[in-house]
Amino acid sequence: MVSDKELQAIEQIVNGVVTDESLAEGDVLINCLHEIQNHFHNFVPLEAAEKVAEMLNVPQSSVYEVLTFYTMFSVEKRGKYVIRVCNSLPCHVTGGKEIVETLKKELGCDFSQTSTDGLFTLEKTGCLGLCGVSPVIMINEEFYGNLTRDKVQEIINKIREEERD
Amino acid sequence: MPVATNTILICAGGGCISSGEESCLQALEKAVEKYALHDVVKIVETGCMGMCDAGPLMVIYPEGVYYQKLTPEDVEKIVSEHILKGRIVEDKLLDNPVSSLKTQNPYDDHPFFTRQVKIATRNMGIVDPMKIEEYIAHDGYFALQKALSMKPEEIIEELKVSGLRGRGGAGFPTWLKWDLTRKVPGDEKYVLCNADEGDPGAFMDRSILEGDPHSLLEAMAIAGYAIGANKGYIYIRAEYPLAIERLKEGIKQAKELGLFGENIMGSDFSFDLEIRMGAGAFVCGEETALIESIEGKRGQPRVKPPFPAQVGVWGKPTLNNNVETYANIPPILTKGAKWFSSIGTETSKGTKVFCLAGKVKNTGLVEVPMGITLREVVYDIGGGIPDGKEFKAVQTGGPSGGCIPKEYLDTPIDYETLKELGTMMGSGGMIFMDEDTCMVDVAKYFLDFSVEESCGKCLPCREGNRVMLEMLEKITEGNGEEGDIERLEKLGKNIMDTSLCGLGQSSPQPVISTIRYFRDEYEAHINEKRCPAKVCKPLIRYIIDPEKCVGCTACARVCPVSAISGEVKQVHEIDSEICTRCGSCIQVCRFGAISIVSP
């Protein structure tokens with residue numbers, strides 16, 4: 001359940017995005033959902049989606065449609081760190097397969113799953129536009145390039161350590 | 001005010017950031033502080049310098065010396081050696097591919113740099129993208145000023161003479177798009193920028209947005225004036241947070257100087273821009289899907305016609321161009337259409353930005369005149385294929401394009417020649433593949449992409465691609481049957497003929513193209529159950545050469561499924577029944593005793 005305090009926070013977020021009244025036609029929906037998703041650490045609770053629908057005056061079904069169409073959104077709870085692995089050809093031909101294997105092994109989960117400690121969610125993504133330093137992954141908003149098995153392990157371990165402290 | 005004697009440019013393009021630019025910048029700032037160099041050293045974070053493979057990159061002026069593959073320790077050393085003592089740090093210079101000497105200023109002697117003609121990327125790696133003053137100092141906003149003194153028809157005529165064509169894919173004449181939108185009656189029109197770059201292997205738009213956002217903003221204002229629109233949208237993918245940040249800052253700064261907003265430069269023309277974010281849907285790169293997404297809906301393509309020029313955002317006439325196309329416009333206006341059209345080929349004028357990715361030595365971003373041959377791109381600019389391997393093919397046009405094998409390396413590149421070869425310019429991504437790449441696997445990979453990214457609206461694309469993917473999976477697993485190739489071709493053609501949007505119409509293209517040039521590989525998979533490139537796991541085996549194995553046990557220890565047996569100092573053996581073909585053993589064997597065979 002989303003608390004009243006959280007609902008207030010959502011209200012603030014939406015009001016922050018919709019500054020110009022003339023824009024409150026629903027075209028800022030995607031921007032709003034991004035902000036809300038950041039607020040809740042990588043997912044949009046359904047109650048929050050309902051609130052957005054009410055505030056922007058669009059049907060709930062439209063909000064749900066958008067949430068489920070775009071791969072970056074999730075209505076399911078995800079880990080604090082969403083790891084997006086580029087699954088495009090430049091990364092594939094430069095060793096992306098190994099990176100995927102290492103990540104799956106290291107996190108103990110498959111694509112679209114969350115690690116048992118609840119910290120990481122593993123996802124696929126289209127080209128991240130960093131093909132010059134492939135293979136590449138994106139963890140929340142940070143990018144990591146020129147990856148090798150060792151580098152991936154190092155990155156994951158570093159995050160785990162930071163979380164422990 | 002003291003004048004800095006050294007300016008240090010550090011590349012803050014996406015590639016360099018992800019390979020450690022931030023910690024190098026911190027080290028640089030620390031070193032400047034340590035040696036009290038504030039007054040003589042100016043540090044500038046620039047956009048992409050192009051050579052991503054050599055990142056993080058740093059350039060020291062006035063000499064213009066490039067340093068590559070930096071670590072924080074290197075940076076400290078360069079400050080203490082180069083800046084303080086005037087000694088060049090040799091081992092961090094770029095290698096010069098044409099001589100044994102290292103290269104200091106690559107614009108003098110390094111083909112990756114000297115072969116380029118920069119128009120769309122003219123300011124990248126030179127200016128600080130977060131400072132509008134630097135853009136203005138490089139002739140920025142002069143084109144807008146000039147445009148405001150011209151009639152809209154004159155601007156469009158100038159574009160017509162220049163011969164500029166859309167850089168996003170199909171190569172539609174830019175002037176015609178502008179002219180059509182201008183002529184549609186209506187007070188309310190929109191200028192749109194498609195910054196939803198999603199083609200695998202293409203990252204020029206990202207680099208322009210991050211490295212020189214004002215070149216886009218200026219061009220969009222010009223477009224607004226030319227077609228009679230006062231408002232524009234930039235639709236950008238959420239995967240590019242840095243580009244979004246820099247665009248927002250750019251718009252803010254331009255507004256502060258009166259170059260955007262109400263009554264631009266004292267004229268009666270007003271123009272404003274808003275940014276709309278995507279959320280991870282490749283199909284939104286298709287213009288009508290993009291418009292749906294801007295309106296806050298699912299990004300599903302609309303039926304065309306009506307084209308966006310008539311019915312676009314909110315049902316109003318809308319002009320849509322991609323980032324690179326816009327970035328070409330200011331120089332065309334300031335330097336003249338004739339200058340622009342003097343570059344390139346008969347049908348394709350100007351330059352094209354290509355992104356070199358995959359199996360090529362110098363990965364990164366280059367802008368070259370249209371008509372350059374593939375061979376020049378691969379071997380002169382790209383530095384050839386790494387590890388002494390052979391060039392096999394290059395994929396252009398992303399999942400909508402096709403591959404070009406080595407027989408056509410001497411083809412001059414333009415819109416028409418690529419089309420004749422069964423591929424397309426697309427946005428300019430070039431993915432290089434060497435002899436270790438299996439073309440059936442590549443086709444499968446692209447199809448997998450198209451299946452995931454299909455919006456689901458049309459049956460042929462949604463289900464047809466899935467069936468094609470299943471057939472390819474069957475083939476790469478060694479279960480291919482006689483007639484599969486023909487079935488793939490037939491189904492592919494049906495999908496192309498019956499899908500609504502560009503994504504569906506072109507999605508089977510990688511399969512058709514690889515069949516065209518590498519039919520023998522398909523046949524080897526189907527008839528001989530053999531993968532010539534030794535990539536498809538079900539068709540390969542790992543074996544140990546008893547002559548070379550010394551019994552060090554390294555492979556057996558690393559094998560995750562205990563498929564390797566053998567006593568210490570005895571020849572080891574791999575049990576193919578258990579082996580998962582993960583390749584761990586081959587990496588740890590120091591004696592080169594393990595190899596892959598197919599079948």
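List of remarks:
- For B:Lys92, a cut-off of 17 angstrom between C-alpha atoms picks up these aspartates and glutamates, skipping any fewer than 8 places away in its own chain: B:Glu21, B:Asp53, B:Glu63, B:Glu73, B:Asp74, B:Glu76, B:Glu81, B:Asp109.
- Dipole magnitude for the protein assembly as shown: about 1000 debye, using +1 per Lys or Arg Cβ and -1 per Asp or Glu Cβ, origin at the Cα centre.
- Straight-line cross-link reach from A:Lys151 at under 17 Å between alpha-carbon atoms covers these lysines, not counting any fewer than eight positions away in the same chain: A:Lys97, A:Lys104, A:Lys105, B:Lys69.
- C-alpha center-to-center spacing [the stretch B:313-366, the stretch B:405-483] in angstrom: 25 Å
- Within the shell defined by Cβ-Cβ distances under 14 Å, the residues around A:Arg164 carry a net charge of -2, with Lys and Arg each +1 and Asp and Glu each -1.
- Near B:Asp436: Cβ cut-off under 12 Å, other residues only, Lys/Arg at +1 and Asp/Glu at -1. The net charge is -1.
- Ordering B:Gly464, B:Ile526, B:Gly478 by Cα displacement along the dipole of the stretch B:439-527 toward the positive end leaves B:Gly464 in first place; charges were set at the Cβ atoms of Lys, Arg (+1) and Asp, Glu (-1).
- Förster-model FRET efficiency, 22 Å R0, B:Ser80 and B:Ala4, C-beta, rounded to 0.05: 0.80
- If the Kirkwood radius is taken over C-alpha pairs of the stretch B:439-527, then at 25 °C and 0.890 mPa s the Stokes-Einstein diffusion coefficient equals 194 µm²/s.
- Placing one equal scatterer on every Cα of the protein assembly as shown and applying the Debye formula, the log10 ratio I(q)/I(0) at q = 0.08 Å⁻¹ is -0.68.
- Computed over chain B, the per-residue total of -39500 (n - 2.57) for DSSP H runs of n ≥ 4 gives a 222 nm mean residue ellipticity of -10500 deg cm²/dmol, rounded to 500.
- All lysines inside 23 Å of B:Lys255 as judged from Cα atoms, apart from same-chain residues fewer than 8 positions distant: B:Lys131, B:Lys146, B:Lys189, B:Lys231
- Between B:Phe591, B:Ala195, B:Leu144, the Cα set farthest toward the positive side of the dipole of chain B (charges on each charged residue's Cβ, about the Cα centre) is that of B:Leu144.
- B:Ala195 sits among other residues whose Cβ lies under 9 Å from its own Cβ, and their net charge, with Lys and Arg +1 and Asp and Glu -1, is -1.
- Eigen-decomposition of the gyration tensor built on the alpha-carbon atoms of the stretch B:351-434 gives equivalent ellipsoid semi-axes of 18, 13, 12 angstrom, largest listed first.
- Over 20 Å apart at the Cα level, from the set B:Lys151/B:Lys183; B:Lys444/B:Lys474; B:Lys389/B:Lys474; B:Lys474/B:Lys534, are B:Lys389/B:Lys474.
Any read-out appearing in this document is the output of simple, stated calculations on the displayed coordinates, not a laboratory observation. All values reported here derive from a predicted model rather than from experimental measurement. For neighbour counting, all protein chains shown are included, and Cβ atoms are generated from backbone atoms with ideal geometry for every residue, glycine included.
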